[in-house]
Each structure stands twice: as structure tokens, then as C-alpha cells.
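Asker: This is the structure I want to talk about, given as C-alpha cells.
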Amino acid sequence: MATLTLYIQYIVNGLTLGAIYSLIALGYTMVYGILKFINFAHGDILMVGAFIGLVVYQALLGTSASPVWMVAAFFIAMIVSMVLCALLGMFIERVAYKPLRNANRLAPLLSAIGVSFILSNGAAWIFGTQSRRFPYPFDNTPITFFGISITPHQILMLVVSISMMLLLAFFVNKTKMGKAMRATSLDQPTSALMGINVNRVISLTFAIGSALAAVGGILAAFDFRVYPSMGTMTGLKAFVAAVIGGIGSIPGAMIGGILLGILEAVGAPLLHIPNGLKDTVAFAVLIIVLLLRPEGILGKNEREKV
């Protein structure tokens, strides 16, 4: 019974971690679905979002210690971070990716890596290389049910992540611009002929993905702290989640993130992997998926005509 309770605890921890992976993975999969390239600067956008959230939160907090204002200041900081990261994503797409749409596929990939280095080194130059703690906006004392503990932070992560994913699903499936995004992902030239502004759709895709990355970065900062290279490993694992779910599939990114979080939380203790080496679980799962089902769980096996 004790062992069962312990593994249920691991699953709960994995769900909260997977929720963050899902949010970040959505940015990878949305961009790939439309432009068919991987935005490797996406992980650094979540880092920028965490720094913006921290700076704005501390500025709003000031000397006030009111519990209500602390929570309100946190959500205001999150919204500001989402808006600024959305603008940053649109700027990066316009400057670094748009001129390379018709170039060799390697060109935008190299450009993305260049943007990644600029963002991480720029953050190190502005904020320094020391990690910073993101203070909790509320008491984080664990709540225990039948021997299983969950913290208010974990509840916040689940509620915010699920809310964001539901809003995105509604937007993509029920709104006019969401339908334009789906049409553009299927066939850009035909979409343009039908009157869809493809450039606007692509900019919006980057904006939404970057805003979700900002939320993921702020939520992750509670556990991982805030530092210039925080987006590297978290971004890579979110990319793994997108591949597992099926790169280009929005539901796949959600499922892949949750699945990866659970596998990482349960697999490390089950296989007696030291805490410092638990990242190997994510990449081992990636290799297995690529060998058995390269298109991912919900991905489609597409063939290119030459």
C-alpha cells in the first residue's frame, strides 16, 4: 500500500511537470505545423518570460505584503510577460525567419540557434549569471490527502496550464483566425489564394507560442529558479514532448507533455536513476519513439513528393 501511495505521488508530481512541458511544446508544434521548421530559440523565450515576470512581480510588490495584492501582482506580471514575449516572438519571426522562408531548410535552423545564443547571452549580460528565486505569491504548505501531498504551487500549475490549453483549443477550433491557422498549416499557397493573410497568421502563431512559453517559464521558475540558461534543458524536453505527441499536432503536444512528465517522474525512481541524471529518461523515450513510431502518437506519416 505504501508503495502504491508513493507511485501515485510520483504521478501527481509528473502531471504538474508535464503540464509545463505541454505549454512549451505547443509553441514548437504550432510553428512546425505552419512553417515546417523547429524554432530552437523557443526555450530561450520562456527564459525571457521568466525574467520579465520576476522583474514586474518584484516591482509591483514593492513593500506591500498583502496576500491579496501578492496574488494579484503575480497574475498581472504573468499577463505583462505574455504580452511582451508575444511581441518578442513576432519580432524574431519578422527579423530572423521571414527573410529565410524560401531559403535552404538549414538556414532558418541556424538562424534560430543564433537567436537562441543572442537571447541567453543578452540575459546574462543584463541580469548576470546568478540564479534568482521567484518568490511564491502565497503560502506553499503542502496539502495531504490519504498520504498524497500536493502543494498550492502544483495546483496553480495545473489550473493555469489546463486553462491555457483549453483556451488555445477553443481559439484554434472555433474562431475565424483559428480556422485560418489550420488552413495555412495544410496549404499556404491555396490559403493565400482564398484570401487568408498568411503573414499575419504566421506572426500570430509565433505570438501565441511565445506567450504560452512565457507562462511555462514563470511556472517553471518556482522549481528551477530564474537564470539565463534555464530554457535550454526545459526547452529541449518540451521539444521531446512535441515529438512524442506528434510534431505539428496541438493535441499531440498536450498529450506528449503530460506523458513525458509522468514518465520522468515515475521512471527515475523506478529505474533508480540519480536525481542529477533523470534528464536521460526524456531522451531515452525520444529514441524509443523515433525507432517505433517516428511520427509520434497523434502525428501523421506524411510523404514528400520530389
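Quick note: the coordinates plus some simple rules give every number you see, no bench work behind them. Fair warning: this is a prediction, and the values are worked out from it, not measured in the lab. Ideal geometry is used to build each Cβ from the backbone, glycine not excepted, and the neighbour counts take in all protein chains shown.
Asker: What's the magnitude of the charge dipole for the chain around its Cα centre, counting Lys and Arg as +1 and Asp and Glu as -1 at the beta-carbon? Answer in Debye, nearest 20.
Answerer: 740
Asker: Loop sites only, by DSSP: take the GluC sites (Glu not before Pro) in the chain that have at most 10 other C-beta atoms within 10 Å and name the longest stretch containing none of them.
Answerer: It runs 1-301.
Asker: Compute the distance in nm between two label points, each set 7 Å from the Cα along the Cα-to-Cβ direction, one at Arg132 and one at Lys179.
Answerer: Label-label distance for Arg132 and Lys179, simple model: 4.5 nm.
Asker: Right, here's the next one. Where the only charges are on Cβ atoms (+1 Lys, Arg; -1 Asp, Glu), what is the dipole of the stretch 108-192 about its Cα centre, to the nearest 20 debye?
Answerer: 200
Asker: If you project the alpha carbons of the stretch 29-186 onto the principal axes, what extent comes out on each, in Å, largest first?
Answerer: Result for the stretch 29-186: principal-axis Cα extents of 53, 41, 30 Å.
Asker: Be a star and scan the stretch 181-199 for residues whose amide nitrogen sits under 19 Å from the point 7 Å along the Cα-to-Cβ vector of Arg105.
Answerer: 185-189
Asker: Can you tally the lysine pairs in the chain where the Cα-Cα distance is under 17 Å and the two residues are eight or more apart, or on different chains?
Answerer: Lysine pairs, 8 or more places apart or on different chains, close enough: 4.
Asker: Based on the mean of other beta carbon atoms within 10 Å per residue, what is the order of 255-263, 156-164, 84-92, most packed first?
Answerer: 255-263, 84-92, 156-164
Asker: Please list 140-149, 17-26, 198-207 highest first by mean number of surrounding beta-carbon atoms within 10 Å per residue.
Answerer: Highest to lowest by the protection proxy: 17-26, 198-207, 140-149.
Asker: Just name one of Ser185, Met90, Ile297: the one whose Cα is farthest towards the positive end of the charge dipole of the chain (beta-carbon charges, Lys/Arg +1, Asp/Glu -1).
Answerer: Ser185
Asker: Also, quick follow-up: Evaluate Rg over Rh across the chain, taking Cα atoms for both radii and Kirkwood's formula for Rh.
Answerer: Over the Cα atoms of the chain, Rg/Rh equals 0.98.
Asker: Measure out, as a whole number of angstrom, how far apart the alpha-carbon centroids of the stretch 93-136 and the stretch 49-91 sit.
Answerer: With the stretch 93-136 and the stretch 49-91 each reduced to a Cα centre, they are spaced 21 Å.
Asker: Could you work out which residue, out of Met177, Met82, Met30, moves most in a Gaussian network model of the chain, that is, has the largest mean-square fluctuation with Cα springs under 10 Å?
Answerer: Met177
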